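Structure first, commentary second.
The values are calculated or read from the model by the stated rules, or taken from the named source; none is laboratory data. Computed from a predicted structure; not experimentally measured. Backbone-built Cβ (ideal geometry, glycine too); neighbour counts: all protein chains shown.
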Amino acid sequence: MTRQTKNIALFAAVFALILLTGFLQSWNVALAILNMGLISAIMALGVNMQWGYAGLFNVGVMGFVALGGLGAVVVAMPPVNEAWAAGGGRVILALLVGAGTIFAAIQSWKKLAKGRARNLTVVAVLLVGFIVFRWLFDGAVEAIEAVNPASTGYLGGLGLPVIIGWPVGALLAAGAAWIVGKTALGLRSDYLAIATLGIAEIIIAILKNEDWLSRGVKNVIGIPRPVPYEIDLQESASFSDRMTGWGLDPVTASSVVVKLMYAGLFAVILLGLIWLLERALNSPWGRMMRAIRDNETAAEAMGKDVTRRHLQIFILGSAVCGLAGAMMTTLDGQLTPGTYQPLRFTFLIWVMVIVGGSGNNWGAVLGGFLIWFLWVQVEPMGRWLMEQVTSGMADGSALKVHLLDSAAHMRLLTMGLVLLLVLRFSPRGLIPER
């Protein structure tokens, strides 16, 4: 079997599993898996750019995905006029003061001669700036969060089409990546991993606690959609008549149609990214990145700025993860900061890249679909298996109860087992880099 035939067979097998889900369970479930598989594939592409192209170990994927979701909220949600009147301008002023303080401190450090005077000046600038910032910021936040906190209590967004929020989410993630990269990319890879993990936790902590920005753990719900609502389709006489004429239930059909629309949007984004990334990978730039990954010392000897190129690919990969985060928040219709967990949004994405094939874009896409399918389906399949195994046991048996309760852990067991099998029999992934 040729390499191309094998790759096609692997993709066909994964999509056959999704189709089988549609026939055996429901098309709503199958399409939900497909949509999140498309988003997971985009996340895997972002991590693959960083690790597969440049060997950068980013374990803060969760933070960049969350920033992408925030971008969708900031762009698409309608502004809360009462909150803006209560303290919106003061918050903007406080943020400008904070940024100006940091800029002034940096300039003082650069311009003044080394010595005690420079140290005292920088400390004084930071101290005064911090006091002014807190004076402006705290009062404004308290006023904003007091505006109908049960339903709003935050500034809201710009009220623009939600699709505009997708590139904005990518830009927010790229900005955070620039900050992390400027401080950590000159260090060893293990320090980069520590820095990215810490930044990710800081981002999630900010989203959970800064209610004025993202409502914190109260969650932002009702994010506008780029596709129609199911209820609107159901109330459409033409849609209902057409579905009824085809022998379909309009309620079920409306949900399927909406999911198909999402799948079309996500597939266009994914195919566009693959086209761009394949061209980049096979260009002189892509060959340079792989040369840096394989031997930084040799690349530096040839005149390549390794740190600058690492920063470049780190920003691009994080932007792709932010784009996927904005798409996921749009699909969910809500931003829930409390649900961003490292297991789901960092470890699982890494498993997708490793299983699919690090350094190969198509491998990352395959891993995204395969691992997400297993993540969703393994637990109910494990429950069914345990029910069959324990069907002959007496009710109330300690062993039966233990086996049924253990079905909830089938996800983690399966992820570990899949990872071990792939590393043992195909250590470079199912679709390895050429």
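Using beta carbons and a limit of 9 Å, which pairs, at least six apart or on different chains, have the first residue in the range 1-18 and in contact (Cβ under 8 Å) with a residue 24 or more places away in the chain and closer than 11 Å to Ile431 by Cα and the second one surrounded by 10 or more Cβ atoms within 10 Å (Cβ to Cβ) and of a type in the set (Gly, Ala, Ser)?
Partner pairs satisfying both residue conditions: Asn7/Gly363.
With respect to Val65, determine if the residue is touching a helix residue (DSSP H, G or I) at 6+ places or on another chain (Cβ under 6 Å), among the hydrophobic types (A, V, I, L, M, F, W, C), touching a residue at least 60 places away in the same chain (Cβ under 8 Å) and not in a helix (DSSP H, G or I).
Working: touching a helix residue (DSSP H, G or I) at 6+ places or on another chain (Cβ under 6 Å): yes; among the hydrophobic types (A, V, I, L, M, F, W, C): yes; touching a residue at least 60 places away in the same chain (Cβ under 8 Å): yes; not in a helix (DSSP H, G or I): no.
No, not satisfied.
Ala253 versus (1) under 22 Å from Ala184 (Cα atoms); (2) surrounded by 20 or more Cβ atoms within 10 Å (Cβ to Cβ); (3) free of Cβ contacts under 8 Å to residues at least 24 places away in the same chain: which is the lone unmet condition?
Here Ala253 clears every test but (1).
So which pairs qualify, if the first residue must be in the range 390-406 and closer than 15 Å to Glu379 by Cα, the second must be in a loop (DSSP other than H, G, I, E, B), the Cβ gap must be under 7 Å, and the two must be at least 6 apart or on different chains?
Note: pairs meeting the criteria are Leu403/Thr390; Leu404/Thr390.
Got a number for residues in the range 260-307 being under 24 Å from the mean Cα position of the chain (by Cα) and farther than 20 Å from Gly52 by Cβ?
Residues in the range 260-307 being under 24 Å from the mean Cα position of the chain (by Cα) and farther than 20 Å from Gly52 by Cβ: 9 in total.
Restricting to the range 34-56, and then to whatever is closer than 15 Å to Leu374 by Cα and either at pLDDT below 95 or polar (S, T, N, Q) (or both), can you tell me which residue is surrounded by the fewest Cβ atoms within 10 Å (Cβ to Cβ)?
Across the range 34-56, the extreme among qualifying residues is Asn35.
So for the range 393-400 (the condition being part of a helix (DSSP H, G or I) and exposed (fewer than 15 other Cβ atoms within 10 Å of the Cβ)), does at least one residue qualify? Walk me through how you get there before you give the answer.
Pass one, the range 393-400, residues part of a helix (DSSP H, G or I): 398-400.
This time we only want the ones that are exposed (fewer than 15 other Cβ atoms within 10 Å of the Cβ), so: 398-399.
Yes: one or more hits.
In this structure, does Gly129 turn out to be within 30 Å of Cys321 (Cα to Cα), in a helix (DSSP H, G or I) and either touching a strand residue (DSSP E or B) at 6+ places or on another chain (Cβ under 7 Å) or small (Gly, Ala, Ser) (or both)? Before you say what the answer is, go through the steps one by one.
Numbers: within 30 Å of Cys321 (Cα to Cα): no; in a helix (DSSP H, G or I): yes; either touching a strand residue (DSSP E or B) at 6+ places or on another chain (Cβ under 7 Å) or small (Gly, Ala, Ser) (or both): yes.
For Gly129, the condition - within 30 Å of Cys321 (Cα to Cα), in a helix (DSSP H, G or I) and either touching a strand residue (DSSP E or B) at 6+ places or on another chain (Cβ under 7 Å) or small (Gly, Ala, Ser) (or both) - is not met.
Can you tell me which of (1) in a helix (DSSP H, G or I); (2) at pLDDT 90 or above is the one Val180 doesn't meet?
Among (1) in a helix (DSSP H, G or I); (2) at pLDDT 90 or above, Val180 violates only (2).
Residues to consider are Gly98, Gly69; find the one that is within 34 Å of the chain's Cα centre (by Cα) and either of a type in the set (A, V, I, L, M) or outside the structural domain of Phe314 (by TED's automatic domain parsing) (or both).
Values: Gly69 fails: either of a type in the set (A, V, I, L, M) or outside the structural domain of Phe314 (by TED's automatic domain parsing) (or both).
Going through Gly98, Gly69 in turn, just one is within 34 Å of the chain's Cα centre (by Cα) and either of a type in the set (A, V, I, L, M) or outside the structural domain of Phe314 (by TED's automatic domain parsing) (or both): Gly98.
Quick one: Gly63 ticks every box in (1) more than 16 Å from Ala364 (Cα to Cα); (2) small (Gly, Ala, Ser); (3) more than 16 Å from the chain's Cα centre (by Cα) bar one, so which box is it?
(3)
Give Ala205, Ala195, Ala173 a once-over and let me know the one that is crowded, with 21+ Cβ neighbours inside 10 Å, assigned to a helix (DSSP H, G or I) and of a type in the set (A, V, I, L, M). Give the steps one after another, and end with the answer.
Numbers: Ala205 fails: crowded, with 21+ Cβ neighbours inside 10 Å; Ala195 fails: crowded, with 21+ Cβ neighbours inside 10 Å.
Matching residue, one of Ala205, Ala195, Ala173: Ala173.
Is it the case that the range 278-287 has a residue that's crowded, with 18+ Cβ neighbours inside 10 Å and at pLDDT below 95?
First pass over the range 278-287, keeping only residues crowded, with 18+ Cβ neighbours inside 10 Å: 281.
After this cut, where a residue has to be at pLDDT below 95 as well, the list is 281.
Yes, there is a match, as at least one residue in the range 278-287 is crowded, with 18+ Cβ neighbours inside 10 Å and at pLDDT below 95.
Identify all residues within the range 184-226 that are among the hydrophobic types (A, V, I, L, M, F, W, C) and free of Cβ contacts under 8 Å to residues at least 12 places away in the same chain; write none if there are none.
Of all residues in the range 184-226, those among the hydrophobic types (A, V, I, L, M, F, W, C) come to 184-185, 187, 192-195, 197, 199-200, 202-207, 212-213, 217, 220-221, 223.
Result: Leu187, Ile194, Ala205, Ile206.
Has the range 278-297 got any residue that is outside any helix (DSSP H, G or I) and closer than 30 Å to Ile204 by Cα? Break it down stepwise before answering.
Initially, the range 278-297 is screened for residues outside any helix (DSSP H, G or I), giving 282-283, 295.
Narrowing further to those that are closer than 30 Å to Ile204 by Cα: none.
No, there is no match, as no residue in the range 278-297 is outside any helix (DSSP H, G or I) and closer than 30 Å to Ile204 by Cα.
Return a yes/no flag: does the range 135-149 have any residue that is of a type in the set (Phe, Trp, Tyr) and under 30 Å from Val59 (Cβ atoms). If you could, list the steps in order and put the result at the bottom.
Pass one, the range 135-149, residues of a type in the set (Phe, Trp, Tyr): 135, 137.
Retained after the next criterion (residues that are under 30 Å from Val59 (Cβ atoms)): none.
No: zero hits.
Which of the following residues is under 26 Å from Lys259 (Cα atoms) and touching an Asp or Glu at 6+ places or on another chain (Cβ under 9 Å): Met77, Met62, Met36, Met43? Please lay out each step first, then the result.
Values: Met77 fails: touching an Asp or Glu at 6+ places or on another chain (Cβ under 9 Å); Met36 fails: touching an Asp or Glu at 6+ places or on another chain (Cβ under 9 Å); Met43 fails: touching an Asp or Glu at 6+ places or on another chain (Cβ under 9 Å).
One residue alone meets the criteria, Met62.
Which pairs have Cβ atoms under 9 Å, sit 6 or more apart or on different chains, and link a residue in the range 110-121 that is hydroxyl-bearing (Ser, Thr, Tyr) to one that is in a loop (DSSP other than H, G, I, E, B)?
Partner pairs satisfying both residue conditions: Thr121/Leu112.
Please determine, by comparing only the residues of the range 117-161 that are modelled with pLDDT of 90 or more and hydroxyl-bearing (Ser, Thr, Tyr), which one is surrounded by the most Cβ atoms within 10 Å (Cβ to Cβ).
Residue satisfying both the conditions and the ranking: Tyr154.
Give the residues of the range 69-125 that are outside any helix (DSSP H, G or I) and of a type in the set (Gly, Ala, Ser), sorted by residue number. Reasoning before the result, please.
The first filter runs over the range 69-125 and keeps only residues outside any helix (DSSP H, G or I), leaving 77-80, 112-115.
Those that are outside any helix (DSSP H, G or I) and of a type in the set (Gly, Ala, Ser): Ala113, Gly115.
How many of the residues making up the range 101-141 are under 36 Å from the mean Cα position of the chain (by Cα) and farther than 30 Å from Ser214 by Cβ?
1
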